[in-house]
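**Student:** One structure follows; several queries about it will come next.
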Amino acid sequence: MKTIAICNHKGGVGKTALSMAIAEGLHRKGKRTLLVDLDQQMNATQQAKIDTTDEVTVYDLLTSFDYTAKDGIKHFDGGDIIPGDVLVSNAESDMAKLDTRLTMLADAMEGIDDDYDYAIIDCPPSLELLTVNALAAADSVLIPVQCEYYALEGITDLMQTIKLT
């Protein structure tokens, strides 16, 4: 499985739109595709029309050893998705207590490598623990940017974070 994190710590640059387009495009090409919604806004989950009531979400995978990715996977028209959760904004404080806080997502995704050709991780607009988890789980990173000075300047911070993971 090839895992791609779509991240930029600036909001509004198209991370979710790109994540959805890649996941759905790969799915249409016959690739087994998993989308992971790490963004607390849950736009990918909402676009996939997934109801998260009483479901295992990405929050559960990040904060508990009781669940694996297989527990949270739901099907939608563009492939499969591990749904987001509004609680993911609180996950960082819950994760801070864990020894494996930097690899909770990667650990939860173990065992699904043979089930998918691609995993696409839609990251939140930050460089904090959630994004670090995505980077630790990913083989590669796509960084959507707007063609403006401040957007390009922010790439330096992201590249430093990538080098540290």
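None of the figures in this text is laboratory data; all of them are computed from the coordinates on show. Since this is a predicted model, take the numbers as computed values, not measurements. Note that each Cβ is placed from the backbone with ideal geometry, even for glycine, and that neighbours are counted across all protein chains shown.
**Student:** FRET efficiency for Ala136 and Gln46, Cβ-Cβ distance as r, R0 = 25 Å, nearest 0.05?
**Tutor:** 0.45
**Student:** Using Cα pairs closer than 8 Å and at least 6 residues apart in sequence, work out the relative contact order for the chain, in percent.
**Tutor:** 39 percent
**Student:** Also, quick follow-up: What's the local net charge at Tyr59, with K and R +1, D and E -1, over the other residues with C-beta under 9 Å away?
**Tutor:** -3
**Student:** Around Gly84, what is the net charge, scoring Lys/Arg as +1 and Asp/Glu as -1 over all other residues with Cβ under 10 Å from its Cβ? Mind dumping the intermediate values first?
**Tutor:** Details: positive: none; negative: Asp37, Asp39, Asp85, Asp122.
Around Gly84, the charge tally is -4.
**Student:** Quick check: Cα centre of the range 52-67 to Cα centre of the range 90-165, how many Å?
**Tutor:** 18 Å
**Student:** Once the other residues with Cβ under 10 Å from the Cβ of Ser19 are scored (Lys, Arg +1; Asp, Glu -1), what is the net sum? Walk me through the numbers before you get to the answer.
**Tutor:** Details: positive: Lys15; negative: Glu24, Asp37, Asp39, Asp122.
Local net charge: -3.
**Student:** Another question, if that's okay. Going by average Cβ density within 10 Å per residue, which order do the peptides 89-101, 68-80 take, highest to lowest?
**Tutor:** Answer by packing, highest mean first, reads 68-80, 89-101.
**Student:** Going down the list Lys74/Lys163; Lys29/Lys74; Lys29/Lys163, which pairs span over 30 Å between their C-alpha atoms?
**Tutor:** Lys74/Lys163; Lys29/Lys163
**Student:** Run lengths n ≥ 4 of DSSP H only: what is the helix-derived mean residue ellipticity at 222 nm for the chain, with -39500 (n - 2.57) per run over all residues, to the nearest 500? Don't jump to the answer; show the numbers that get you there.
**Tutor:** Working: 9 runs with 67 residues, N = 165.
It comes out at -10500 deg cm²/dmol, rounded to the nearest 500.
**Student:** Given a Förster distance of 25 Å, report the FRET efficiency between Thr53 and Asp77 from their Cβ-Cβ distance, rounded to the nearest 0.05.
**Tutor:** Working: r = 20 Å, r/R0 = 0.80.
That pair, Thr53 with Asp77, gives E of 0.80.
**Student:** If you wrap a convex hull around the C-alpha atoms of the chain and split its volume per residue, what is the figure in Å³?
**Tutor:** Normalising the Cα hull of the chain by residue number yields 101 Å³.
**Student:** Ok, one more. What are the DSSP H helices in the chain that stretch 24 Å or more along their long axis, judged by alpha-carbon atoms, and whose average Kyte-Doolittle hydropathy comes to at least 0.5?
**Tutor:** For the chain, where a helix must reach 24 Å along its axis and average at least 0.5, there are no hits.
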